[in-house]
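Nothing in this text is a laboratory measurement; each read-out follows from the coordinates by a stated rule. Values in this document were obtained by computation on a predicted structure and should not be read as measured data. Cβ placement follows ideal geometry from the backbone for every residue including glycine, while neighbour counts extend to all protein chains displayed.
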Amino acid sequence: MSRVAGRHWAYVALTAALAIAAAIWAIPHLYETAWFAYYDGEPGGTRPPFPSLSPDLFLLPASAQLVLLAVGVGLLVQIYSTAYLGHHPRYRSYALVIVLFLVAMIAVVGTTNLWVLLVGWEVMGLCSYLLIGHEWQTAEARAGAAKAFLMTRVADLGLVLAILVIGETYGTYDLIGVEIAAGQSPQHATAIGLLVLVAVIGKSAQFPLHTWLPDAMPGPTPITALIHAATMVAAGVYLAARLFFLYAESTVVVTAMAVVAGITMLLGAVLALVQTDLKRALAWSTVSQLALMLGAIAAADPDAGLSHLISHGVFKALLFLGCGCLMHAVGSSALSAMGGLRASMPVTFWSTTVGFTALAGLVPTAGFFTKDSVLHSIEQATDHDGGLASGTAYALLAAALVTVFLTAAYATRLWLKAFFGPAPDGHAGHEAPSAMTGPLVVLAVATFALSIGQPFHLGTGLLTTALAAAGVGTIVLLWRRGASVDLEIGPLTAELGLDRPLSRWLPAVVRGVSRTVVDLDQEAVDAYPRAGAGLAERASHVLGLAQSRNVQRYATLVAAGVLVLVVVGVVLT
Amino acid sequence: MPLLYPLVLAAALFGIGVYGVLARRNAVMMLLGVELMLNAVNLNLVAFDAWFADALHSGQVLTLFTITIAAAEIGLGLAIVLALFRALRTVDVDEVGR
């Protein structure tokens, strides 16, 4: 037993070594000038000409933050897993895939070479497939893993094509070279931007390719924390921000991005509000929050989007790990199985409370400041005439404000339903082991610590606080009155049937097409060889008449033959 | 006596023999057909021997050989038919072939 645990700590040590190496590499880059400082060297300077396949490790301050976020959350997840999943027979593959996941994420954010970025991007897709399907004995996990893999893979075509177009347009696959070239004359902005948008929509689970993320819930909870916070979905937003300079001028792209973000943030928030499962609710919340980040990028402020990505990564990891502690205590992620766990799980309660506060966007957590930045940047976009049209920006702002209200409401609802009220059938619950609560405390502290030095905008700050307070107040009021805080509206609990086009109709269409192809092959193409075979068979029947197996008939034929020969011979001579 | 008479008779016998071998299903009758063909040949041999007025009478000698061999042959053939009948309770060649 202790030997097993000891071996598990070896994976923690491996992850820690990776984290320390990454930190040593990333920390000096943290405070370099602006977040997205474009390369200001001489054009055609020291960078190798295209195509170059060396990793070209290069960190912008934003990438450095993401590297630290990824390895930090990864290390905490690894520690957490020793207790959460320690007895799993396939722990070794689980722990090593997490390390591979982190390496892939570092490759994505730490390289300037687009092909290396693509490799990291795809390896992350593979890792998420493996980890979501870790419990492959259940059909649900297999389906979720295959869905995540297929949907992100389809969207990844966008990235491949985008990279090819970038390479063709600017003559280099190196981002710094691209920055130099695009700084003077951005070209094909709309094509590149739309292709990048497709990739981002798939990776970051935006409408209409958002359905894989909630269905990825059968994966182990620490993995959900990793995917939702620090790696997989973060890569999509990072890409959108990193390549923003390429398509910033294209109204089409930023408008499309704003529309996608607006729809997704409302959709995710509404669906998070009606969920009966804590983990799934948090998944929809991630969808909604990612849309907020994309909204900020569409509003020409990638910095705000990335800062919200970082703070969201911390508090969403905290919430998912807290959710894992609750599942550990009650054995289910259904909200109906929880309740009244405040007293028996104090550490989980307090740290998760910090997480929910940050999700709701309340002072003084990092979530408040970064959401404020996002709102501020969208608000700024309403009155400048480049990129996003003013009307679109107002619509996006309205969507974001409603989302702020809804986010506070569902965060409060989840918090109340998990920790307050009567416990179902007197379930007492118990605190999780310290290897699980430790990461929670660290993340809770980080949620506060990240708010240090964040910019603050008074107008939007007051507005979001008021809206969030209204959201919290509404739910608390309903709860106090003893009213139900569950929204049981049929179409909403069925998640609006948005999954149907992709999970039912698309397979039906594919099946129909393939059936037609099979029919064509069997009926039309196969007709020729079948006709040939039939002909040969009929010929063989005719020839087979002579093979009667009747010796007398053979002898008759011989005699007749002889007679004919004789007659012919006589006649001819 | 002109040569034609025995030759026509021999040809008729041979034809009946061929018919018996090719058309009859009874093994005994097929053997009889074979005998008829042999004896048609014998008749030919004797007829030509007389017509050539051969001093050595090689035709008649050959006929004696043929009769001997035919006797052996019919003995063997009837033995086979008997064995067939004992084993299969039939001498119909179609039945036996099946």
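Under the Karplus relation 6.51 cos²θ - 1.76 cosθ + 1.60, θ = phi - 60°, what is the ordered set of whole-Hz ³J(HN,Hα) values for the stretch A:505-518, x standing for Gly and Pro?
Per-residue couplings from phi come out as 5, 4, x, 5, 5, 4, 5, x, 4, 5, 5, 4, 5, 4 Hz.
Which value, to two decimals, describes the C-alpha radius of gyration of the stretch A:85-175 once divided by 2.2 N^0.38 Å?
Scaled against compact globular proteins, the figure is 1.29.
Using the alpha carbons of the stretch A:348-394, what is the convex hull volume per residue in cubic angstrom, as a whole number?
Considering the Cα atoms of the stretch A:348-394, their hull volume per residue is 71 Å³.
For A:Asn113, enumerate residues with amide H under 5 Å from its amide H, sequence gap 5+ or separate chain, H modeled in the peptide plane.
Answer set, sorted by chain and number: A:Leu175.
Could you give the spread of the C-alpha atoms of the protein assembly as shown along their three principal axes, from largest to smallest, in whole angstroms?
151, 69, 50
Can you tell me the order of A:346-355, A:402-411, A:10-19 when each peptide is scored by its average per-residue count of other Cβ atoms within 10 angstrom, highest first?
Those peptides, ordered most packed to least, come out A:402-411, A:346-355, A:10-19.
Across 5 Å bins from 0, what is the distribution of all Cα-Cα pair distances for the stretch B:3-88, in whole percents?
Per 5 Å bin, starting at 0, the Cα pair percentages come out as 3, 15, 19, 20, 17, 11, 7, 4, 2, 1, 0.
Sorted by mean Cβ packing within 10 Å, highest first, what order do the peptides B:50-57, A:312-319, A:265-272 take? Don't jump to the answer; show the numbers that get you there.
Working: B:50-57: 11.2, A:312-319: 29.4, A:265-272: 25.0.
In decreasing order of mean packing, B:50-57, A:312-319, A:265-272 become A:312-319, A:265-272, B:50-57.
Distance between the C-alpha centers of the stretch A:83-104 and the stretch A:252-308? Whole Å please.
Here the answer is 29 Å between Cα centres.
Between rounded, prolate and oblate, where does the stretch A:123-179 land on the alpha carbon gyration tensor, with a ≥ b ≥ c its root eigenvalues, rounded for a/c under 1.5, else prolate if a/b exceeds b/c?
It comes out prolate by the Cα gyration axes.
Anything over 20 Å Cα to Cα? Flag those among A:Lys279/A:Lys417; A:Lys147/A:Lys417; A:Lys371/A:Lys417, in the order listed.
With Cα atoms farther than 20 Å apart: A:Lys147/A:Lys417; A:Lys371/A:Lys417.
Can you give the FRET efficiency for B:Val8 and A:Gln547, using 1/(1 + (r/R0)^6), R0 = 35 Å, r = Cβ-Cβ distance, to the nearest 0.05?
Computed FRET efficiency for B:Val8 and A:Gln547 comes out at 0.40.
Calculate the radius of gyration of the Cα atoms of the stretch A:93-140 to one decimal place, then report Dmax, the largest Cα-Cα distance, as a whole number, both in Å.
12.2, 40
FRET efficiency for A:Ala536 and A:Arg515, Cβ-Cβ distance as r, R0 = 35 Å, nearest 0.05? Provide the component values of the computation, followed by the final result.
Numbers: r = 30 Å, r/R0 = 0.87.
Approximately 0.70, to the nearest 0.05.
Take the stretch A:332-463, compute every pairwise Cα distance, and split them into 10 Å bins from 0; I just need the percent in each bin.
12, 32, 28, 17, 8, 2
Give a residue-ordered list of calculated ³J(HN,Hα) values for the stretch A:70-83 (Karplus: 6.51 cos²θ - 1.76 cosθ + 1.60, θ = phi - 60°; whole Hz; x for Gly, Pro).
Working through the residues one at a time gives 4, 5, x, 5, x, 5, 5, 4, 5, 5, 4, 5, 4, 8 Hz.
Mind ordering A:121-129, A:542-550 by average Cβ neighbours within 10 Å, highest first?
A:121-129, A:542-550
Compute the distribution of all C-alpha to C-alpha distances in the stretch A:268-393, in bins of 10 Å from 0, and list the percent of pairs in each, rounded to whole numbers.
14, 38, 29, 13, 6, 1
Can you report the principal axis dimensions of the stretch A:147-267 using only the alpha carbons, biggest first, rounded to whole angstrom?
Taking max minus min along each principal axis of the Cα atoms, the stretch A:147-267 gives 47, 27, 21 Å.
Around A:Gly421, which amide H atoms from residues at least 5 apart in sequence, or from another chain, sit under 5 Å from its own amide H, with H modelled in the peptide plane?
The list, which skips near neighbours in sequence, is A:Gly340.
What list of ³J(HN,Hα) values in whole Hz, one per residue of the stretch B:23-40 in order, does the Karplus curve 6.51 cos²θ - 1.76 cosθ + 1.60 (θ = phi - 60°) give from phi, with Gly and Pro shown as x?
The phi angles translate into 9, 6, 9, 7, 4, 5, 5, 5, 4, 4, x, 4, 4, 4, 4, 4, 6, 4 Hz.
Mind checking the mean number of beta-carbon atoms from other chains within 10 Å of the Cβ atoms in B:13-22?
Mean partner-chain Cβ count within 10 Å for B:13-22: 2.
Could you give the Stokes-Einstein D for the stretch A:297-344 in µm² per second, using the C-alpha Kirkwood radius, 37 °C, 0.692 mPa s?
Translational diffusion coefficient: 255 µm²/s.
Could you give the angle, 0 to 90 degrees to the nearest 10, between helix A:346-360's Cα long axis and the longest principal axis of the Cα atoms of chain A?
80 degrees
Whole-Å semi-axes of the stretch B:43-98's equivalent ellipsoid, largest first, each the root of 5 times a Cα gyration tensor eigenvalue?
Here the semi-axes work out to 38, 11, 5 Å.
If I take all pairs of Cα atoms in the stretch A:251-491, what percentage of them are more than 24 Å from each other? Could the numbers behind the result be given before it?
Numbers: 12403 of 28920 pairs.
Taking all Cα-Cα pairs of the stretch A:251-491, the fraction more than 24 Å apart is 43 percent.
Semi-axes of the equivalent ellipsoid for the stretch A:64-103, please: Cα gyration tensor eigenvalues, times 5, square-rooted, ordered largest first, whole Å.
Numbers: eigenvalues 90, 25, 3 Å².
Over the Cα atoms of the stretch A:64-103, the ellipsoid semi-axes are 21, 11, 4 Å.
Along the positive direction of the dipole of the stretch A:156-292 (beta-carbon charges: Lys, Arg +1; Asp, Glu -1; about the Cα centre), which of A:Val233, A:Val253, A:Ala181 reaches farthest?
A:Val233
Hey, if you drop one equal point scatterer on each alpha-carbon of the stretch A:507-572 and run the Debye formula without solvent, what base-10 log of I(q)/I(0) do you get at q = 0.11, 0.26 Å⁻¹?
-0.57, -1.01
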